[in-house]
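The values are calculated or read from the model by the stated rules, or taken from the named source; none is laboratory data. Because the structure is a prediction, the values reported are computed rather than measured. Ideal geometry is used to build each Cβ from the backbone, glycine not excepted, and the neighbour counts take in all protein chains shown.
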C-alpha cells in the first residue's frame, strides 16, 4: 500500500495528476459539484488523506496518496486524483494520441534493451559499449536527451577517477621526496655531531669555550636542518590536501550521479533508473549504495516508502513500478473485452500516472484508448449537466453510460438527480398551497427555491401562472422582458428569471426566447463557477482561458467581463503574450507569432489557446508538413 502511495505521489509530482472525472466523484445536488475544481468531488476539498499529515516537501505536506478514497495530499492541499484539470488534459491528450509502434519507436526501445543487456552484471558486461550506445539512444524524440545526460554523468565519473589517479601519483612522488628530505636531515645532523668540543685551561678544559662551541653547533644544525623540516611540513600538507581532494572528487561524482538517478525516478523514467543504477554499481565498486540525499527528497522516499534511501531501494521500486504498469495495461485490455469501461478507464489512468513513458503504456492502440476517452467524455458531460442542474439531460447520460459500461455505478448520480427532483417537487407543492391561500410572498419564495434547485423543471410552468393572476402584472413582466431582450440585458433577465418564466407560461413564442437566454446564461454561469474554482487554486492563466471563449460569445455580460478583466490582470504576462501572438498571426507575421505563442505556452503549458495557435502558425509556415 505504501509503495502504491509512493508511485502515485511520484506521478503527481511529475505531471500533476490524473484522469478525467468519473461519475464516482459526483456529489449530491446540494454540494454544487464542479467539473474541474478539486473541491468539487465528494472526497476532495476538505477531505483528509487517511488522517495523515506529513510535514516537509515544498510546503506543509509530503505527497501522500490514500488509496481508500483516492485523495492525494500535497503542499497543504488535498484533492481527488480523478478530479484535476491538468492531469485530465494530459490524459485526454494521451488517449487521442497515436500508438507509438513506428520504426523509430521500436528502434528506441531496442536501443534501451541493448544498453541494459550490456550493462547487466555478469561475465559479459561491457561498460564501454553500453556507454557508447547512450548518445545514440538520446537522439530519439521520446528520450528527451536523458540518455545523453546519463552519458555525461558517466564521463564525469571517468574524469573524476582520472583525477584521483593523478593525485595518487602525486602522493607517491611526495612520499619519495619526504624520504629523501628525512635522510638529508639526518645526514646534516650527523655531520655536525662528528666534531669535538675545544680543550684548554689549567686542567685541560674550558667550560666557557665548550659552552660557546655547543651553542655554535646548535645554530649550525638548525640552519642546515631548517630547510629540510620546512619542506617536510610542506610535503605533509600537500599529501593531506591531495587525499582530501581525492575523497571530495569521488564523493562529488557519487552525489551528482545519485541525483541524476533520483531525478529519473521522479520523472517516472524507470528504465533509465535501472540502467543508471547498473552504471553506478560498475563505476563505483566499493559497494556503497547509500543515497547521499538530504532534506525533502530523503524525507519523501523514507516516509512514503518506509524504506531506507539506498540505490537498491530505487532500483527495486523502479522494477516494481514497471511490473505494476504492465499489470495495469493487461488489466485494461482484459476489462475492455468484458465491456467494463469504468474499471478499465481507472486502470489505464493509474498505469498512465505511474508509467507514462513505459513501452506498455505508449503502445496501447488508439482504437482501444478511444473507448476509454468516450467513457471519460460522457462522465464529464454528466458532471457538467449536474453542475448546471439539467437533470433531464443528466438522466439520459446515466442511461447511456449504463449501456456503454457494464460496470458503471449509477447510484451517486441518480441520488443527486432524484434528490433534486424530490426537493423541487416539495417546493412546488408548497407554492400551490400558497397560491390557493393567496399568500403571494410565500408563493414567490417557493417558486424561486424550486427554480434554483431545478431551473428546467417542466412542472414550473404549471404553477408559476399563479404569480400573475392579475393581467397588468403579467403584461408588465412581458413588457420588461421585451425591453431587456432589445437591450441584450441578459444578466437582468437571468437574475429575474422566476418572474419571467411565470409571465411567459401562456406564451410559447416568448417562452422559446426566454429559454434561449436562460440556456445562454447557464453557460456563462457555469464558466464563471469553473473560473472561480480554478482561480482559487492560483491557476489564474487557466481561469482566464476558461472564460475567454465564453466572454467572446457573450460580450454584453457585465459580470463575466468583470471576472475576465480581473483574471487578465492576475495573468497579465500570459494574456499579453497570447494576444500579441494573435495580433501578429492576423498580420501574417508567423515567425514572430510563433515565438509569442511558445512564450505563452511556456508561461502556461496546459494552454489550449497557445497549443492551437502553434498548430495554426506551424501549418502556415510549413503547409506541406
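Hey, does region 409-431 have a residue that's surrounded by 14 or more Cβ atoms within 10 Å (Cβ to Cβ) and modelled with pLDDT under 85?
Yes, that holds for at least one residue.
At pLDDT 90 or above and not in a loop (DSSP other than H, G, I, E, B): is that true of residue 313 in this structure?
It is false that residue 313 is at pLDDT 90 or above and not in a loop (DSSP other than H, G, I, E, B).
With respect to residue 143, determine if the residue is modelled with pLDDT under 85 and either crowded, with 17+ Cβ neighbours inside 10 Å or in contact with a strand residue (DSSP E or B) (Cβ under 7 Å, 6 or more places away or on another chain) (or both).
Judged against the criteria, residue 143 is not a match.
Out of the residues in region 107-141 that are in a loop (DSSP other than H, G, I, E, B) and free of Cβ contacts under 8 Å to residues at least 12 places away in the same chain, state the one that is nearest to residue 363 (Cα to Cα).
139
Take residue 389 and tell me if it is more than 24 Å from residue 95 (Cβ to Cβ) and either touching a strand residue (DSSP E or B) at 6+ places or on another chain (Cβ under 9 Å) or not in a helix (DSSP H, G or I) (or both).
Yes.
Residues checked against (1) free of Cβ contacts under 8 Å to residues at least 12 places away in the same chain; (2) assigned to a helix (DSSP H, G or I); (3) surrounded by fewer than 17 Cβ atoms within 10 Å (Cβ to Cβ); (4) assigned by TED's automatic domain parsing to the domain that holds residue 272:
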| position | (1), (2), (3), (4) |
| --- | --- |
| 364 | no, no, no, no |
| 369 | no, yes, no, no |
| 373 | no, yes, no, no |
| 377 | no, yes, yes, no |
| 441 | yes, yes, yes, no |
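Tell me the residue from 595, 571, 535, 543 that is in contact with a helix residue (DSSP H, G or I) (Cβ under 9 Å, 6 or more places away or on another chain), crowded, with 20+ Cβ neighbours inside 10 Å and over 26 Å from residue 492 (Cα atoms), please.
Every option except 571 fails the conditions.
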